[in-house]
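Encoded as structure tokens, the structure appears first; notes follow it.
Values quoted throughout were computed directly from the atomic coordinates according to the rules given, and no laboratory measurement underlies them. Model, not experiment: these values are computed from the prediction. All Cβ positions, glycine included, derive from the backbone under ideal geometry; neighbour counts span all protein chains shown.
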Amino acid sequence: MNTKMSLLTMASIIAILGIMMIPNTAIAQINENDISITPINEKISLETTITTLKVPENNTLPWGTVYGVASDVSERYPVIIQFYKGDEAVHIAQVDTKGDGSYEYKFRVRNLDHNTGEFTNVFHGEYTVKIFKVIPNTNPVV
């Protein structure tokens, strides 16, 4: 039993160190003040989350990800993700939620032109990201 526990502990430490070594250059942070809920009708509400995505000019990672943890979402309604550079919408996505209410959207931050071998940054700089989810209504009065 102690051997299994020791191996599990070592594997956990190695996994954590491995994750820490992966460069994480695209940063998005959510502040609780940036989440609002607007009732739609007596059954559902619209949850809007606004966050900032920062992609540095020297980014070398090809993918970015927007994801949400398991939550109480209304079935049959997708999550809408909108990217804005200033006031201009530059990218919009629609993703379905999984059975536990979580979602994940992967997008290209950097592309490789196979003809020239040159990389092109699709996203660079600062973006406002708006995430819209339909949730069961938490407000008894609409």
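Would you mind computing Rg(Cα) / (2.2 N^0.38 Å) for the stretch 26-136, counting N as its residues?
1.19
If you take the square roots of the eigenvalues of the alpha-carbon gyration tensor of the stretch 31-86 and sort them as a ≥ b ≥ c, do you get rounded (a/c under 1.5), prolate (a/b over b/c) or oblate?
prolate
Taking a threshold of 18 Å on the Cα-Cα distance, which of the pairs 54/106; 106/130; 54/130; 85/130; 54/133 fall above it?
Distance filter (> 18 Å) returns 54/133.
Using 0.36 nm per residue of separation minus the Cα-Cα distance, give me the extension gain between residue 130 and residue 77 in nm, one decimal.
Taking residue 130 through residue 77 to full extension adds about 17.5 nm, to one decimal.
So what is log10(I(q)/I(0)) for the stretch 78-132 at q = 0.16, 0.27 1/Å, when the Debye sum runs over its Cα atoms only?
Debye output, listed in q order: -0.62, -1.06.
Nearest 0.05, what FRET efficiency do residue 119 and residue 40 give at R0 = 41 Å with Cβ-Cβ as r?
0.45
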